[in-house]
Amino acid sequence: MRFLRRSTTETEVPDTVEDQIDVLPKNVTAAKGRATPKRREAEAKKRGPVAPPPTTMREAMKRNKELRKANPVSKDERRAAAKERRDKMMAGEDKYLLPRDRGPVKAYVRDLVDTRRNLLGLFMPLAILVFVAMLVPNTRIQQYATLLCTLMLLLMIVEGFLSGRRITKAVREKFPKEAVSGRSIGWYAFIRASQIRKLRVPKPRLRPGDALD
C-alpha cells in the first residue's frame with residue numbers, strides 16, 4: 001500500500017544541532033546562539049577580574065610597589081615628575097592643586113588674604129616664642145610669655161572673625177552666581193592667614209598692598 005511507504009520526496013529533518021550544521025549550505029554560517037561580545041567586554045575578560053580597592057594603607061603601599069615593579073621607572077624620572085607637579089602646584093595651576101584649593105573662588109580668597117598684613121601671620125612665630133620661654137627656668141618670664149600669648153590669641157580670633165566676614169562679602173560681590181558658604185570661606189581665609197607667607201601653598205601671587213582686579 002502506498003500510504004505505508006515513505007515518500008522519497010519528503011525532506012529528512014535532522015535530529016541534532018550537528019545534523020543541522022551538516023545540512024546547511026557551505027556559504028551559510030551557523031548562528032552561535034549568543035550575541036557577539038563587545039570590544040570592551042572582550043578586553044575586560046582578557047585582562048581578568050578587576051581587583052577590589054585597597055582597604056588599608058599597607059595594602060595600598062604594597063600594591064603601588066607591585067605596580068612600580070611591573071612598570072619600572074628610574075628614580076631620576078620619578079623625581080623630575082614629582083618636582084614638576086610641585087612646581088605647578090606652587091604656581092597655582094588648578095589641575096595640580098588639592099581639592100580644597102581649586103576653583104576661582106578659592107583663588108580670589110587667597111589673593112584677598114595675601115594683599116593684607118594680618119596678626120594671624122604671627123601665630124607660628126608666637127607659638128615658637130612661647131615654647132622657648134617655657135624652657136627658661138624663670139617663673140616671671142613664663143608668666144609674661146603666657147599672658148602675651150593669651151592676649152595675642154584673643155586679638156587673632158577677633159581679627160580672623162572680622163576678616164572672614166569682610167572676605168565673604170567681597171567674594172559674594174565678585175561671584176554673585178556662586179553658592180558661597182560664609183563659614184567655609186571664613187575658615188579657609190583664617191587658615192591661609194595664619195600661615196607664614198613663605199610657607200603658603202600655593203605661593204602668593206600678590207604682595208601686601210597690591211590692588212585686586
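The values are calculated or read from the model by the stated rules, or taken from the named source; none is laboratory data. All figures in this text were calculated on a predicted structure; none of them were measured in a lab. We place every Cβ from the backbone using ideal geometry, glycine too, and count neighbours over all the protein chains shown. Please note that ligands, DNA and RNA were not included when accessible areas were found on the heavy atoms of the full protein model with its side chains. Shrake-Rupley method; radii C 1.70, N 1.55, O 1.52, S 1.80 Å.
Among the listed pairs K106/K198; K95/K177; K69/K198; K69/K203; K65/K203; K75/K203, which are separated by more than 29 Å between their Cα atoms?
Numbers: K106/K198 19 Å; K95/K177 23 Å; K69/K198 38 Å; K69/K203 35 Å; K65/K203 32 Å; K75/K203 27 Å.
The pairs that break the limit, which is 29 Å between Cα atoms, are K69/K198; K69/K203; K65/K203.
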Exercise. Just how far, in whole angstrom, is region 191-213 from region 92-169 if you go by their alpha carbon centroids?
Worked result: 12 Å
Exercise. With θ set to phi - 60° and the Karplus curve 6.51 cos²θ - 1.76 cosθ + 1.60, what are the ³J(HN,Hα) couplings of region 153-161 in order, to the nearest whole Hz, using x for Gly and Pro?
Worked result: 5, 5, 5, 5, 5, 5, 5, x, 5
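Determine the order of F123, F131, F175 by accessible area, beginning with the largest, at a probe radius of 1.4 Å. Working shown, then result.
Working: F123 90, F131 130, F175 40 Å².
Listed by decreasing accessible area, they come as F131, F123, F175.
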Exercise. Of all the accessible heavy-atom surface of region 42-177, with the other protein chains kept in place and a 1.4 Å probe, what percent is carbon and sulfur?
Worked result: 63 percent
Exercise. Which translational diffusion coefficient, to the nearest whole µm²/s, is obtained for region 118-208 from the Stokes-Einstein equation, given a Kirkwood hydrodynamic radius over C-alpha pairs, 20 °C and 1.002 mPa s?
Worked result: 143 µm²/s
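Under the definition of Cα pairs under 8 Å and six or more residues apart, what whole-number percent is the relative contact order of region 65-213?
On the way: 121 pairs, mean separation 53.4, N = 149.
Once normalised by length, the contact order is 36 percent.
Let me check something: with ligands and nucleic acids excluded, how do D213, D76, D114 order by accessible area (1.4 Å probe), largest to smallest? Walk me through the numbers before you get to the answer.
Working: D213 170, D76 110, D114 0 Å².
Most to least solvent-accessible, the answer reads D213, D76, D114.
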Problem set entry | Sequence-distant residues sharing a close amide H with R102 (under 5 Å, placed H) | none
Seminar exercise, completed: Expressed as a percent, the portion of alpha-carbon pairs in region 126-170 spaced more than 14 Å apart is 57 percent
For this session: Kindly write out, for region 102-113 in residue order, the coupling ³J(HN,Hα) from the Karplus curve 6.51 cos²θ - 1.76 cosθ + 1.60 (θ = phi - 60°), rounded to whole Hz, with x marking Gly and Pro.
Result: 7, x, x, 5, 5, 5, 5, 4, 4, 5, 5, 5
Exercise. Length gain on complete extension for the stretch A91 to E178, per 0.36 nm per residue less the alpha carbon to alpha carbon distance?
Worked result: 28.9 nm
For this session: Quote the charge dipole size of region 95-145 about the Cα centre in Debye, to the nearest 20; the model charges only the Cβ of Lys and Arg (+1) and of Asp and Glu (-1).
Result: 180 debye
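Of K174, K198, which has the most accessible area and how do the rest follow, probe 1.4 Å? Mind dumping the intermediate values first?
Numbers: K174 95, K198 185 Å².
Solvent-accessible surface, decreasing: K198, K174.
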Seminar exercise, completed: Karplus ³J(HN,Hα) for region 162-176 (6.51 cos²θ - 1.76 cosθ + 1.60, θ = phi - 60°; Hz, whole; x = Gly/Pro) runs 5, 5, x, 5, 5, 5, 4, 5, 5, 5, 5, 6, 6, 10, x
Exercise. Between I141 and L122, how many nm apart are label points set 7 Å from Cα along the C-beta direction?
Worked result: 2.0 nm
Exercise. Once the whole set of protein chains is in place, how much accessible area is left on K203, using a 1.4 Å probe, in Å² to the nearest 10?
Worked result: 120 Å²
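Could you do me a favour and compute the accessible area per residue for region 83-130, 1.4 Å probe, result in Å²? Display every interim value, and only then the final one.
On the way: 2980 Å² over 48 residues.
Heavy-atom SASA per residue in region 83-130 reads 62 Å².
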Exercise. Going from the alpha-carbon gyration tensor of region 45-172, what semi-axes, largest first and in whole Å, does one get by taking the root of 5 times each eigenvalue?
Worked result: 44, 25, 16
